[in-house]
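Read the structure below first, then the notes.
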Amino acid sequence: MWSDVDADPPACPASGAEAISAPRLADTSPAAGFPDGRARCLGCDAFVPLVDGRLGAHDRFRGTEDIAESAARAEWFNTFGSE
């Protein structure tokens, strides 16, 4: 049986990778939230602040319990896709 003991560490290995800001949704309200100057991490699908053109250190995205953020993420992926 799998347990957290066997899990990968929470830090995303893509931290520090070169990236550019994600495209912005037409709805620029705070609930849209993407990109807010952030870039999509191709390693874990988190939207991460950029530091000198690289993804800032972050933990792997494990989902959100915030309904507005969840809806905004769904809209973003439906608009721009996963590539």
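Charges were assigned to the Cβ only: +1 to each Lys and Arg, -1 to each Asp and Glu. The resulting dipole of the stretch 17-80 about its Cα centre is roughly 160 debye.
Only protein atoms count toward the accessible area here, which uses a 1.4 Å probe; on the stretch 17-80, the carbon and sulfur part of that area reaches 51 percent.
What's the extension gain from D66 to T79 if we count 0.36 nm per residue and subtract their Cα-Cα distance? Walk me through the intermediate numbers first.
On the way: separation 13, 0.36 × 13 = 4.68 nm, distance 1.99 nm.
Residue separation times 0.36 nm, minus the Cα-Cα distance, leaves 2.7 nm.
The values are calculated or read from the model by the stated rules, or taken from the named source; none is laboratory data. Note that the structure is predicted; figures quoted are calculated from it, not measured. Neighbour counts are summed over all protein chains in view; Cβ atoms, including those assigned to glycine, are modelled from backbone coordinates with ideal geometry. To get the accessible areas, we keep the full protein, side chains included, count just its heavy atoms, and leave off ligands, DNA and RNA. Shrake-Rupley method; radii C 1.70, N 1.55, O 1.52, S 1.80 Å.
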